[in-house]
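> Got a structure for you, written out below as structure tokens; questions coming shortly.
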Amino acid sequence: MLRVDEVLKSWQGETADDVVLDYEDRHRRRMVLKSGKGVEFLLDLAEVPDLRGGDALRLSSGLVVLS
């Protein structure tokens, strides 16, 4: 399964996909997510993130997913 390698704050670059997160999901450290195009990946961070609109997730495959 793909994993999140990095959280990219206020990302301005291109993205391959997006994922819709509610308020609670933006403050979770570990969970399986599914992007708009159906790609499943694991968010498994050492600390609880504070994801905001415009932040992105870089996956282990190199894809960048807008959150």
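The values are calculated or read from the model by the stated rules, or taken from the named source; none is laboratory data. For clarity, every value in this text was computed on a predicted model and none was experimentally measured. Cβ atoms come from the backbone with ideal geometry, glycine included; neighbour counts cover every protein chain shown. For the accessible areas, the whole protein counts, side chains as well, though only heavy atoms, and no ligand, DNA or RNA atoms are used. Shrake-Rupley method; radii C 1.70, N 1.55, O 1.52, S 1.80 Å.
> Whole Å is fine, so just give me how far the alpha carbon centre of region 39-67 lies from that of region 1-31.
Region 39-67 and region 1-31 have Cα centres spaced 3 Å from each other.
> Over the chain, what is the percentage of antiparallel beta bridges among all DSSP beta bridges, to the nearest 5? Don't jump to the answer; show the numbers that get you there.
Numbers: 12 of 16 bridges.
Around 75 percent antiparallel, to the nearest 5.
> Largest first, how would Met31, Met1 line up by accessible area (1.4 Å probe)? Before the final figure, lay out the partial values.
Values: Met31 20, Met1 140 Å².
If we order Met31, Met1 from most to least accessible, we get Met1, Met31.
> Are there GluC sites (Glu not before Pro) in region 1-56 that DSSP puts in a loop and that have at most 11 other Cβ atoms within 10 Å, and which ones?
On the way: sites: Glu6, Glu14, Glu24, Glu40, Glu47; in loops: Glu14, Glu24, Glu47.
Filter output for region 1-56: Glu14, Glu24, Glu47.
> Kindly report, to the nearest 10 Å², the accessible surface of Ser10 as traced by a 1.4 Å probe over protein heavy atoms only.
80 Å²
> Right, here's the next one. Could you tell me the relative contact order of the chain? Use alpha-carbon pairs under 8 Å, at least six residues apart, and round to a whole percent.
Numbers: 137 pairs, mean separation 31.5, N = 67.
Averaging sequence separation for qualifying contacts and normalising by length gives 47 percent for the chain.
> Solvent-accessible area of Arg30, probe 1.4 Å, all protein chains present, reported in Å² to the nearest ten, please.
For Arg30, the solvent-accessible surface is approximately 120 Å².
> Another one. So if I place +1 on the C-beta of Lys and Arg and -1 on the C-beta of Asp and Glu, and nothing else carries charge, what would the dipole magnitude of the chain be about its Cα centre? I want it in debye, nearest 20. Spell out each step's value before the answer.
Values: 10 positive and 13 negative charges, 16 e Å.
Here the chain has a charge dipole of around 80 debye.
> The chain: which chymotrypsin sites (Phe, Trp or Tyr not before Pro) are DSSP loop and have at most 15 other beta-carbon atoms within 10 angstrom? If you can, show how the numbers build up before the last one.
Working: sites: Trp11, Tyr23, Phe41; in loops: Trp11, Tyr23.
Hits after loop and neighbour filter: Tyr23.
> Give me the one-decimal nm value for the distance between modelled label points at Lys9 and Arg52, 7 Å along each residue's Cα-to-Cβ direction.
A separation of 0.9 nm, rounded to one decimal place.
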